[in-house]
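Step one of this worksheet: look at the structure below.
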Amino acid sequence: MKKTPSAEWFEPSLRGHMHRKLRSWFRMRSRDLPWRKTNDPYAIWVSEIMLQQTQVATVIDYFFRFLHRFPTVVDLAQAHLQEVLKYWEGLGYYRRARQMHAAANQIVIEHAGKFPSDFDQILALPGIGRYTAGAICSFAYDQSQPILEANTQRLYCRLMKWEEDPKSGQSQKALWRFAEEFVPAKNAGEINQALMELGSLVCTPSQPKCDQCPLRTFCPTFAQNLQANIPKALKPKEFEHLHEVAWVVWDHDQVLVRECLTGERWEGLWDFPRFAIEADQQLDEERFALLLKRFGLKVQAPTLRMRIKHGVTKYKITLDCFDVQWKDGPQAIIGNYRWLRFDQLHEVPLHSTARRIAKSILSRRDD
Ligand code: SF4
């Protein structure tokens, strides 16, 4: 038989009691975060997109810098995408920035530059899913919209004593239903923020601080000491290993870079010429010569500058970065390739490994 949330959670007086406990805990214990001091839907949207896959402590500086440069949705829409990416540099998951830029343009065209307040209109914007639309509606407009993200998912599972895989379709349906039933008609924004904060600070993945939890008297997982088993552990992520090579092709005080094209991993950002080789393949001179010929590069013998190991989504990448000195031939700018002076490397949006290579170039040059 399929499991459903226990009906007792939805009994109005019990729910009201839980809301009161949550609100009083939130007012005393929550963190002082900048996006909680505003009800501007644009600022809340920026914070929510930045907080996807990124720690709060990292987001704070980016949030201030971004809003300082793009204080309104119209400012964001009018900016060049390259500049938006530059302000996003280091946060990763650059698709978020591209989609925000596209969404800002959509708001200008379809809503005269005013951030919409209708849930369906917000949900129709690029990069906004059900959680983000619910968060904006409840935090900015205090609309009674449910939320479900990583922290609340764990909290709801424990409050429901939900023992199934939380990612399964059946679980997601049940968890959203719990959220819909739990969200109050009034003060939904505060209750939703309190739920997220409780999941983040108290109902943590391991060793939740149940002694500090305002909801412990309602929690069957706590009552039965099942915190270590709920939520059910997910299968460990399987990574694919890749081996890549990057070239720092330089000539006097210039270096060759390329803009990543639509559909590439770092679309819209800049990178050093980079290509994949077979895992752990050694680059002997003959193979190097073939690759260089394929790219039309005439260079002096390459030397290894650095090896970087990094992860991108499901990939674990070993990147060998070689210095190659430009030998001769025209320095034509071909397609998305461009020669930049070393000091101009600060001006273009680079993804994190390209930025590490750039820092290494600039630091050795300063030595
Ligand atoms: Fe989570 Fe413990 Fe609170 Fe239950 S009592 S909701 S397990 S922190």
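Here is how the numbers come out for the structure above:
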read-out	value
Convex hull volume per residue for segment 130-170, taking Cα atoms only, in Å³	80 Å³
Cross-link partners of LYS114 among lysines (Cα-Cα below 29 Å; sequence separation of 8 or more within a chain)	LYS37, LYS86, LYS186
Between segment 100-120 and segment 123-168, the alpha-carbon center distance in angstrom	22 Å
Loop trypsin sites (Lys or Arg not before Pro), segment 143-200, which have at most 10 other Cβ atoms in a 10 Å radius of their Cβ (DSSP)	LYS186
5 angstrom amide H check on ARG305, placed H, neighbours 5+ away	CYS321, PHE322, ASP323
Per-residue [θ]222 nm for the chain (sum of -39500 (n - 2.57) over DSSP H runs n ≥ 4, rounded to 500)	-13000 deg cm²/dmol
The chain: relative contact order in percent, alpha carbon pairs under 8 Å with at least 6 residues between	15 percent
Quotient of C-alpha Rg and 2.2 N^0.38 Å, computed over segment 120-263	1.46
Under 11 Å, Cβ to Cβ, from THR221 - net charge with Lys/Arg +1 and Asp/Glu -1	+3
Solvent-accessible area, 1.4 Å probe, carbon plus sulfur percent, for the chain	50 percent
Antiparallel content of DSSP bridges confined to the chain, in %, to 5	65 percent
Per residue Cα convex hull volume in Å³ - calculated over segment 9-73	123 Å³
Hydrodynamic radius (Kirkwood) for segment 94-203, which is based on Cα pairs only, to one decimal in Å	14.9 Å
Ranking by accessible area, most exposed first, for MET50, MET196 with a 1.4 Å probe	MET196, MET50
Set of aspartates and glutamates with alpha-carbon distance to LYS309 below 12 Å, sequence-local pairs under 8 removed	GLU244, ASP320
Straight-distance crosslink candidates among lysines, where the alpha carbon sits under 16 Å from LYS167 and sequence neighbours closer than 8 are dropped	LYS2, LYS3, LYS232, LYS235, LYS237
Between helix 56-69 and the chain: long-axis angle, C-alpha atoms, 0 to 90°, nearest 10	70 degrees
Probe 1.4 Å, accessible area per residue of segment 7-105, Å²	50 Å²
Cβ-defined net charge surrounding LEU155, 14 Å radius [Lys, Arg +1; Asp, Glu -1]	+4
Alpha-carbon radius of gyration plus Dmax, which is the widest Cα pair, for the chain in Å	25.0, 80
Mean shadow area of segment 1-125 over all directions, Cα convex hull, nm²	10.8 nm²
Where GluC sites (Glu not before Pro) fall in DSSP loop in segment 169-242, at most 14 other Cβ within 10 Å	GLU238
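The values are calculated or read from the model by the stated rules, or taken from the named source; none is laboratory data. In this text, all values refer to a predicted model and were calculated from it rather than measured experimentally. Counting neighbours? That spans all protein chains shown, and the Cβs are built from the backbone with ideal geometry, glycine included. Remember, those area values only see protein heavy atoms, side chains included, never the ligands or the DNA or RNA. Shrake-Rupley method; radii C 1.70, N 1.55, O 1.52, S 1.80 Å.
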